[in-house]
Structure formats: C-alpha cells, structure tokens
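This report refers to the structure that appears directly beneath it.
The values are calculated or read from the model by the stated rules, or taken from the named source; none is laboratory data. Quantities reported herein were computed from a predicted structural model and do not represent experimental measurements. We place every Cβ from the backbone using ideal geometry, glycine too, and count neighbours over all the protein chains shown.
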Amino acid sequence: MTHPEYGAYPNRTRYLEIVTNERLVYDLDSGVEDGTDVYRVTVEFADLGGRTEVTMRLVCRTVEIAEAVKRSGAVEGGRQTLEKLGEALESAATVDLVIERRLNAPVSRVWQAWTDPDQLGRWWGPKGLGLRVESFDLRPGGLFHYAMLPPGGAPPMWGRFHFRAIEPERRLSWINSFADERGEIIAAPIAPGFPLEIFNTATFTPEGEGTRLVLRGRPIRASAAELAFFAGMHASMQGGFGGTFDQLVDWLASGT
C-alpha cells in the first residue's frame, strides 16, 4: 500500500483456506520473517438474496497487539476498504457485458459445444466468418488459439482464449483477446481503443429440459479510457454475440 506522504507499506498474503462463495482465510503480514506481525484474517460471504453481506475478522497473537491495532485505525480502515469494494462493484456493473440465452438442449450437450474444439469451431465467432482451430488445450492456464476467416479469401483475424476456471457442466472462465498467428496478444485490429483482455465467464444452468446460458464479460488491466470504450460498445457486442449464439442454436439443433 502506498501513501503520498508516508511512502510504501509492504503487505503479504498467504492463503490458507478458500471455500468458493463462502469464505477466505489468510495470514497477513508485512513480509518480516520473524513472524511478529502476522494476523489471521477470515472473510465470510453471506447470500442475502441478490445482495451479499461481507464479514472480515482479524485475529492478533495477543490482546495487547489487538488493542494497538484498533488504536491504529484498523477497524475504520477495514470499513473504508469494504466501502471501496462496494463502489468498485457498482462501477463494474455498468461496464460488464451480460448476455443471456435459453437453449433447447441439455446442459451436457451445451457444455460439449463449448469444450469440444471440433464443435466450437462450427459456431464460435461473428456471423459470416469461418473459424479454424489452431490449438486447443482445455485446462486452467491452457490456450485456445483460433483464426477467424472472412469471406473472399481476406487475411484471417486471430483470437485466443486463456482458460482460467473449468467446472464441468457448470462454469467456464477465460481471458479473451485478439492475437497474432503465434497466439500472442495484440490490439484489436478494427478497434484500437478496445481493451486487450476481457475476462469472460459462461455459466450453464439446467432449466427444464433446456439450459440457461449466461455470458458475462469484463475488461481486466484496462485503462479508464478502455473501460469507457468497452461500455460504449455494449450495444454492438450484444448484436455480435447475438449472431454467435444464433449459430450455437443452429448447431445444437443440428444434432451432430
């Protein structure tokens, strides 16, 4: 953490327990190896039906240290941190691109269409463009590298998925970017102000005999100008993904 007047305050977090959507437990210190300033932090998340209650507890080694931490303003600092989290989430809500579609196919079939490279190559991408799969490595950290092929023999445009989380038939997360022929990230060829990296999460929920698919995209490591550009592109991207999902619907209906 940095302060314009007092300089830098090193912090180090060692994660001890991660329970998705429920709890984080970690030790926090300033990097001193003698263990004199280690604090155990537990953050709990409670679902309040569309809202979330976050409780953060910090445990010190002794009562004396705890009292000193309180006097230093740690409680107020924690409140301010959570307030900033709330502000960041509200801001992100205006930036996130969210697309929902109900598909007339079971989750297992839809999941295959997203995770089988042969099937993915039949429908992913804007309407009117073919797609050639260059490589496909479905694992956290793996890459899907592809070429989008315009009609008429025009040069291809390249893209890539950098897979982050894979929960079979539930959730798929990846960082989507434009790329070159080697799979390296590049600026969007037709929109230089577009963010370099978009963190996408697709969730698959059974709904009767079909599937509710929700795709949520958010820029990461983006400047304020890039965030604004992305938000301004929502309508265009809704249309583009609408065409992509139309192709998914057609592929699922083909039964192949």
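A few points about this structure:
- Single match in T94, T20 (criterion: in contact (Cβ under 8 Å) with a residue 40 or more places away in the chain and either in the same structural domain as G232 (by TED's automatic domain parsing) or of a type in the set (S, T, N, Q) (or both)): T94
- When K127 is tested against (1) surrounded by fewer than 16 Cβ atoms within 10 Å (Cβ to Cβ); (2) among the charged types (D, E, K, R); (3) modelled with pLDDT of 95 or more, exactly one condition is not met: (3).
- Test: residue in the range 187-201 that is part of a loop (DSSP other than H, G, I, E, B), in the same structural domain as M233 (by TED's automatic domain parsing), under 17 Å from G141 (Cα atoms) and within 17 Å of the chain's Cα centre (by Cα): yes
- Residue within the range 210-222 that is under 20 Å from S177 (Cα atoms) and part of a helix (DSSP H, G or I) present: no
- Strands (runs of 3 or more DSSP E) fully within the range 4-86 counting 3 or more residues that are surrounded by 12 or more Cβ atoms within 10 Å (Cβ to Cβ): 23-29, 39-47, 52-59
- Residue within the range 166-186 that is surrounded by 19 or more Cβ atoms within 10 Å (Cβ to Cβ), assigned to a strand (DSSP E or B), within 12 Å of the chain's Cα centre (by Cα) and at negative phi present: yes
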